[in-house]
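This report concerns only the one structure given below.
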There are 2 protein chains.
Amino acid sequence: MAEEKLPTRAEDFSEWYNQLVVKSDLADYSPVRGCMVVKPYGWALWENITAWLDGEFKKTGHVNAAFPTLIPLSFFEKEKEHVEGFSPQLAVVTHGGGEELEEKLVVRPTSETIIGYMYSKWIKSWRDLPLLIVQWGSVLRWEIRTKLFLRTAEFYWHEGHTAHASAEEAIEEMYRILDIYERFSHELAAIPVFKGPKSESERFPGAQVTTSIEAMMWDKRALQAGTSHYFGTNFSKAFDIQFLNKENTRQYAETTSWAISSRMIGAIIMVHGDDQGLVLPPRLAPIQAVIVPIFKNEAEKGRVMEAADRVFSDLKTAGIRIKMDDRDNVSSGFKFNDWEFRGVPVRVEIGPRDVEKGTVALALRDMPGKEGKIFVPQADLASTVSGLLDDIQASLLKRATEYRDANIHEPKDYEDLKRIVADGWAFAYWCESLECEARVKEDTKATTRNIPVNQPEMEGTCIVCGRPSRRKVYFARTY
Amino acid sequence: MAEEKLPTRAEDFSEWYNQLVVKSDLADYSPVRGCMVVKPYGWALWENITAWLDGEFKKTGHVNAAFPTLIPLSFFEKEKEHVEGFSPQLAVVTHGGGEELEEKLVVRPTSETIIGYMYSKWIKSWRDLPLLIVQWGSVLRWEIRTKLFLRTAEFYWHEGHTAHASAEEAIEEMYRILDIYERFSHELAAIPVFKGPKSESERFPGAQVTTSIEAMMWDKRALQAGTSHYFGTNFSKAFDIQFLNKENTRQYAETTSWAISSRMIGAIIMVHGDDQGLVLPPRLAPIQAVIVPIFKNEAEKGRVMEAADRVFSDLKTAGIRIKMDDRDNVSSGFKFNDWEFRGVPVRVEIGPRDVEKGTVALALRDMPGKEGKIFVPQADLASTVSGLLDDIQASLLKRATEYRDANIHEPKDYEDLKRIVADGWAFAYWCESLECEARVKEDTKATTRNIPVNQPEMEGTCIVCGRPSRRKVYFARTY
């Protein structure tokens, strides 16, 4: 229940976020360092995220499977960059069944290695390809400084792992998934993203290409909201994933991996939330509409509840995720604040006068205050609410897109870039050298986010060194 | 692909099972001792199991959430029986992020402790009760001798954890879940089960009452296929889960926990499978019907594929989980065996003569050979197949029930009990003493399975010691 007041976003965005996540019942701190508890309200949100993604993956020929949570430590040593990247983050199991283990095991931080090992057993011929497997679950990466959903030691995700007969097919897969991620962000999370390859220094350990979707939070920092990697034959060589091709020659498979994690929930909070609390996009909200019946005495209660029950049943039948708030120990005003705080898109208020007039009052979460309050007939309410949910979904995306675009600038020169990334994103030509990227990071704390696809091929000059450059990149400070 | 022959069940049931699980692509051995890989075909079966259970839990007011995979070792020491039961099975994380941990963590073998800890923070008042949370995921219990699905170190499950204001409500919850488990077994898995409380010695560590559903496998051994526990206040005292009741007095909550695991897949294999391979109950089968088009040349292919595509589309539209087997590198005979081996309930064969006559040949998996082969019109095929799937579902349950009942006997005396449990189950009065139970186990290796609910209250005498007894129990050798 949301009785305590949050700091405003402008006062302290970080503290606003931390308090909001816990007080809105999305998640809680656990007694295990760095690990969170995802509470039922947060998990229902995650289930809506996963249901859509799982459906899209299945439509595109992917299947789910499960690989062990524990992976032999030695597996990580087979791919050089991979072990360097993950060694500092491993949780190591040294004892099992009361005895010290001969071979140490780690709680998986990601599963390329064990899945690669199995793929080497399963893949024999080009007929076994492509192999398109997704695993849903959690992984663990030891983190010192954590923040609920955004950076926790254990987090929840899917990890797709695919093997292909050619580089072309693998790269096509990487982008097919990136497109699904973009559609998810736009259509479900109402978060505009840029998609494209990341710089060499920002690649996943072991990847030849890492692509990402990148979103702007309210504080104008960037969040990498999903990644899709092309490994070439790095992992198939490390784990000997070979197949007989159509010419009957042994060949290494080309592999990919990709993920969206529970961090997406952090993005939803930080993009849409306001000083009153969460604002959840209707397509993902666990509760899309809440009914608050209002009455002062038993006589009123009878009439109001009759109408409220009817409305509840109409909306439920129409497939709207609806909740009746019939708590008798808190006031209506408390309930209004509570559901506003928890980000429910539409609040349906029904009092004695609404019953008389055959109307209800609706409060729309995306427009706090009087502007978002409308009075509509009870008749055909389900279609009214469905339409409003669509409107809110669209308006959240529009607002987030406008906000983002208003805060991205193309710098005239390097000094201008420094000013821009202090409070926004810069979009600029970059020569793709590690040196220039490192200089920006040192001078401004901003990093390259990604090189968006579908840029017009133009000649420009690197914003840092002035050398010729053909592609622009986003620079931003990041989570 | 199922080219190699299995031993028959009569020749070597254990080996039949081990080979079938792997060759039918349900699961594979992993490089991590005791842990399995659940392959896409097996995971699709598990998803069908979980979807139904998740739906039933939600209908009865339960919500999902996620708690950390790692639990402080010290938590297990707070409940005496719990730590004794689980200590020998723990996998212990001693290092994280490159350093030795101050507090050792274990990979969860079950989550009563960490969930109890969180409940103590969340539950303040009777208004917070009942709290009905389910977690889906995997747990790890170190096992030396493993068998895919039946006993693996890591296994997949849901674990329900509920807290209530009174013992009555908690016990009611325990039985409500047991009823859901029974309905799942009967209606989805087509496996008849007995439900009821287990003996004191067979209780879950820390439980006051453990109830189970018990099924008979083809080899007449028993399998505990699901459990539902009542803890009284054991865990709420260990973790200080207290609430202010309606009289404004602090009181310990009454808790339950319950689970069905991926072991259920083992039961499905061992109850329904035959010497030709898997037999999957239609309501759970990942593929309910498979189409095998048959042709010798391109001209035939055109006509056959046109009909096959139409049938595919009709069946898919009707919601049947349908697959087209259009492989061009194996013979039709190979395909027949392959899908039979993988337990697909209905095979739809379409050849040139079928196209001419407007018919298809159907092979029903529950009746191998000519008996299960029928010829039906293409017109209205979706409703024909739907009806047959229902028939197969019912016939599997009927057959399993008859088999089970034919192999349960009521012993005249203790010598008779010994004979019976050598190749079946005994149903007999038992005085509920540990001594008599232990004697049966020592003499026969059979254990008490459960004391089925809804027995007529009759006076009898313990089959072991002859003392008065009012309830009968099942004795059986078990997995």
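The values are calculated or read from the model by the stated rules, or taken from the named source; none is laboratory data. Just so you know, these numbers come straight off a predicted model, no measurement behind them. Virtual Cβ from ideal backbone geometry, glycine too; neighbours counted across all protein chains shown. Ligands, DNA and RNA are excluded from the accessible area calculation, which covers all protein heavy atoms including side chains. Shrake-Rupley method; radii C 1.70, N 1.55, O 1.52, S 1.80 Å.
How many residues are modelled with pLDDT under 95 and either aromatic (Phe, Trp, Tyr) or under 28 Å from the mean Cα position of the chain (by Cα) (or both) if we restrict to the stretch A:316-336?
Number satisfying all stated conditions: 0.
Looking for whichever is aromatic (Phe, Trp, Tyr), within 9 Å of another protein chain (Cβ to nearest Cβ) and either out of contact with any strand residue (DSSP E or B) (no Cβ under 6 Å at 6 or more places or on another chain) or more than 12 Å from residue B:93 (Cα to Cα) (or both) here; the options are A:76, A:67. Which one fits?
Values: A:76 fails: within 9 Å of another protein chain (Cβ to nearest Cβ).
Testing whether each residue is aromatic (Phe, Trp, Tyr), within 9 Å of another protein chain (Cβ to nearest Cβ) and either out of contact with any strand residue (DSSP E or B) (no Cβ under 6 Å at 6 or more places or on another chain) or more than 12 Å from residue B:93 (Cα to Cα) (or both) leaves just A:67.
Kindly list the number of the only condition in (1) among the hydroxyl-bearing types (Ser, Thr, Tyr); (2) facing chain A (nearest Cβ under 9 Å); (3) within 26 Å of residue B:132 (Cα to Cα) that fails for residue B:41.
(3)
Evaluate the following for residue A:374: is it open to solvent by 20 Å² or more (accessible area, probe 1.4 Å), within 20 Å of residue A:24 (Cβ to Cβ) and either in contact with a strand residue (DSSP E or B) (Cβ under 6 Å, 6 or more places away or on another chain) or among the polar types (S, T, N, Q) (or both)? Let's see the steps before the verdict.
Numbers: open to solvent by 20 Å² or more (accessible area, probe 1.4 Å): yes; within 20 Å of residue A:24 (Cβ to Cβ): no; either in contact with a strand residue (DSSP E or B) (Cβ under 6 Å, 6 or more places away or on another chain) or among the polar types (S, T, N, Q) (or both): yes.
Answer is no for this residue.
Looking at B:112, B:79, which one is open to solvent by less than 60 Å² (accessible area, probe 1.4 Å), closer than 17 Å to residue B:229 by Cα, charged (D, E, K, R) and over 23 Å from the mean Cα position of the chain (by Cα)? Please lay out each step first, then the result.
Working: B:112 fails: over 23 Å from the mean Cα position of the chain (by Cα).
B:79 is the lone residue from the list that is open to solvent by less than 60 Å² (accessible area, probe 1.4 Å), closer than 17 Å to residue B:229 by Cα, charged (D, E, K, R) and over 23 Å from the mean Cα position of the chain (by Cα).
Keeping to the stretch A:112-157, report how many residues are within 11 Å of chain B (Cβ to nearest Cβ), closer than 23 Å to residue A:51 by Cα and part of a loop (DSSP other than H, G, I, E, B).
Final tally of qualifying residues: 1.
Determine, yes or no, whether residue A:105 is more than 30 Å from residue A:282 (Cβ to Cβ), crowded, with 24+ Cβ neighbours inside 10 Å and in contact with a strand residue (DSSP E or B) (Cβ under 9 Å, 6 or more places away or on another chain).
Answer is yes for this residue.
For residues in the stretch A:345-368 being open to solvent by 10 Å² or more (accessible area, probe 1.4 Å) and under 21 Å from residue A:270 (Cα atoms), which is modelled with the lowest pLDDT?
A:368
Quick check on the stretch A:421-441: of everything there that is open to solvent by less than 20 Å² (accessible area, probe 1.4 Å) and part of a helix (DSSP H, G or I), which residue is nearest to residue A:282 (Cα to Cα)?
Ranking the qualifying residues of the stretch A:421-441, first place goes to A:421.
Taking the condition loosely packed, with under 13 Cβ neighbours inside 10 Å and among the aromatic types (Phe, Trp, Tyr), does residue A:312 pass?
Working: loosely packed, with under 13 Cβ neighbours inside 10 Å: no; among the aromatic types (Phe, Trp, Tyr): yes.
Here the answer is no, as residue A:312 does not meet what is asked.
Confirm whether residue A:56 is under 28 Å from residue A:285 (Cα atoms), open to solvent by 10 Å² or more (accessible area, probe 1.4 Å) and either β-branched (Val, Ile, Thr) or facing chain B (nearest Cβ under 9 Å) (or both). Steps first, answer last, please.
On the way: under 28 Å from residue A:285 (Cα atoms): yes; open to solvent by 10 Å² or more (accessible area, probe 1.4 Å): yes; either β-branched (Val, Ile, Thr) or facing chain B (nearest Cβ under 9 Å) (or both): no.
Criteria not met by residue A:56.
Can you pull out the residues in the stretch A:238-254 that are part of a strand (DSSP E or B) and open to solvent by 10 Å² or more (accessible area, probe 1.4 Å)?
A:242, A:244, A:250, A:251, A:252, A:254
Pull up the stretch B:442-469, narrow it to residues that are in a loop (DSSP other than H, G, I, E, B) and touching a Gly at 6+ places or on another chain (Cβ under 7 Å), then point me to the one that is surrounded by the most Cβ atoms within 10 Å (Cβ to Cβ).
Within the stretch B:442-469, the first condition is being in a loop (DSSP other than H, G, I, E, B), and the residues that meet it are B:445-446, B:449-459, B:462-467.
Okay, now just the ones that are also touching a Gly at 6+ places or on another chain (Cβ under 7 Å), so B:450-453.
Working: B:450: 23, B:451: 19, B:452: 17, B:453: 15.
Step by step, filter the stretch B:442-469, then rank; the result is B:450.
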